[in-house]
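One structure below.
Readers should treat all values here as calculations from the given coordinates under stated rules, not as data from a laboratory. Keep in mind that what you see is a predicted model, and the values were worked out from it rather than measured. When we count neighbours, we look across all protein chains shown, and the Cβ atoms used for this are built from the backbone with ideal geometry, even at glycine.
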Amino acid sequence: MQIAIDGPASAGKSTIAKLVAKELGFIYCDTGAMYRSVTLMAKMNNVDYSNESEILNLMSKYKISFKNDSDGQKVFLNDQDISNDIRSVDITNNVSEVSALKKVREQLVNEQRRIAEEGNVVMDGRDIGTTVLPNAEVKIFMIASVHERAVRRFKEYESKGIEVSLQKLEDEIQQRDYKDSHRSVSPLKKADDAIELDTTGISIEEVVEKVINIIKKK
Ligand code: DC
């Protein structure tokens, strides 16, 4: 079974997808982490974020993998744990540029489809229901107000000791929404057969329950 969860930045996709996968014993695939890992590869090697051929060259040299441990899912680049590095402000602000590169997307989409063949999967991203898994049995398009999403990100940064203003986060979220939904390749778009779920003002537990109920009806 394939569950596709798409939506804009900080709508709660990965939090919910992880919990739903755990409850159902499904594989969880965080596709945003894959685009973030490629952005980090470019940064580590001083490659310009728009230099597609050099980034493809780097992708052939590194392996991105996910490993589950007691703290949750960790992301590795070859043997290096990059779980925290890919969440830095710098990577967050540059990942839209890298994820707009056509051939980078093609390669990652192939890899995502390969992961989906390994078993039942919950996959979250921007183009899962429209492009990666168009035949997914359940497609959810998760949204939340810009303000609520900025507050969520604010709390995440606060817990890591990173200081940033709420207004700046609202501006960044709006910019990333715009870039993600206006790029020419696989823009963020609700699939025609996706169910829209607005998580504004709803607790994590309630959203998980709603998603599980949708899946159980299938
Ligand atoms: O979900 P996230 O914030 O970790 O995603 C990081 C970026 O990657 C986001 O700005 C858009 C891009 N992305 C994408 O283009 N397609 C996906 N399937 C997942 C993420």
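Observations on the structure shown:
- A crude spin-label estimate for the pair E117 and L24, with each label 7 Å from Cα along the Cβ direction, gives 2.1 nm.
- Per-peptide packing, taken as the mean over residues of other Cβ atoms within 10 Å, places 138-146, 92-100, 179-187 in the sequence 138-146, 92-100, 179-187 from highest down.
- A Cβ-based charge dipole, computed about the Cα centre of region 14-99 with Lys and Arg at +1 and Asp and Glu at -1, lands at about 220 debye.
- Here the Karplus curve 6.51 cos²θ - 1.76 cosθ + 1.60, taken at θ = phi - 60°, turns the phi angles of region 127-142 into couplings of 10, 5, x, 8, 10, 5, 10, x, 9, 3, 5, 10, 10, 10, 10, 9 Hz, with x standing for Gly and Pro.
- The residue among N110, G25, Y62 whose Cα reaches farthest toward the positive pole of the charge dipole of region 1-113, with charges on the beta-carbon of Lys, Arg, Asp and Glu, is G25.
- With the simple model of a label 7 Å out from the Cα in the direction of the Cβ, H182 to E205 spans 4.2 nm.
- One decimal place: the segment K61-N78 gains 5.2 nm when fully extended, by the rule 0.36 nm per residue minus the C-alpha distance.
- The gain in end-to-end length when the E156 to E97 segment is fully stretched comes to 18.9 nm, 0.36 nm per residue minus the alpha carbon separation.
- Cross-link partners of K216 among lysines (Cα-Cα below 22 Å; sequence separation of 8 or more within a chain): K13, K18, K22, K139, K190
- Translational diffusion of the chain, µm² s⁻¹ [Kirkwood Rh, Cα pairs; Stokes-Einstein; 37 °C; 0.692 mPa s]: 186 µm²/s
- For the peptides 116-129, 198-211, 66-79, the ranking by mean Cβ contacts within 10 Å, running from highest to lowest, is 116-129, 198-211, 66-79.
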